[in-house]
């Protein structure tokens, strides 16, 4: 995802097109999210999120891609690099919901276009 942002600043970001592996849902966990909120958001318990220590940090979002209940890719998305304020914290998105607008300035911002329905 970071590579796609660097290659196409200010372009719409469609995760289905830029993520180079198969996935069913993408979840974004906001700063200070603890294990309970992560597992509630995802809908199941998954090991590995603890090593990121998100519960005690406001420096990053944790972004995770899942195939079924298996995490395929999990990464830190540093807040000084981008502000994911348009991506709801502690929410998962399906492939069809994973289209965001970028606006680059002092902070990158991702916003869900009004035409995309989110649940």
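The values are calculated or read from the model by the stated rules, or taken from the named source; none is laboratory data. Remember, it's a predicted structure, so these values are computed and weren't measured experimentally. Cβ sites come from the backbone with ideal geometry, for glycine too, and all protein chains shown count toward neighbours.
Filtering 47, 37, 73 for residues that are modelled with pLDDT of 55 or more, part of a strand (DSSP E or B) and out of contact with any helix residue (DSSP H, G or I) (no Cβ under 8 Å at 6 or more places or on another chain) leaves a single hit, 73.
Within segment 53-77, count every residue that is surrounded by 14 or more Cβ atoms within 10 Å (Cβ to Cβ), over 16 Å from residue 89 (Cα atoms) and free of Cβ contacts under 8 Å to residues at least 40 places away in the same chain.
Kept after step one, since they are surrounded by 14 or more Cβ atoms within 10 Å (Cβ to Cβ), are these residues of segment 53-77: 54-55, 57, 60-66, 71-77.
So of that shortlist, the ones also over 16 Å from residue 89 (Cα atoms) come out as 66, 71-73.
Those still in the list that are free of Cβ contacts under 8 Å to residues at least 40 places away in the same chain too: 71.
Of the residues in segment 53-77, 1 are surrounded by 14 or more Cβ atoms within 10 Å (Cβ to Cβ), over 16 Å from residue 89 (Cα atoms) and free of Cβ contacts under 8 Å to residues at least 40 places away in the same chain.
Residues in segment 14-27 that are touching a strand residue (DSSP E or B) at 6+ places or on another chain (Cβ under 7 Å) and under 12 Å from residue 96 (Cα atoms) were compared, and the one that is modelled with the lowest pLDDT is 14. Pairs meeting the criteria (first residue in segment 31-50 and farther than 16 Å from residue 77 by Cβ, second residue modelled with pLDDT of 90 or more and outside any helix (DSSP H, G or I), beta carbons under 6 Å, at least 6 apart or on different chains) are 42/27; 44/69; 46/71.
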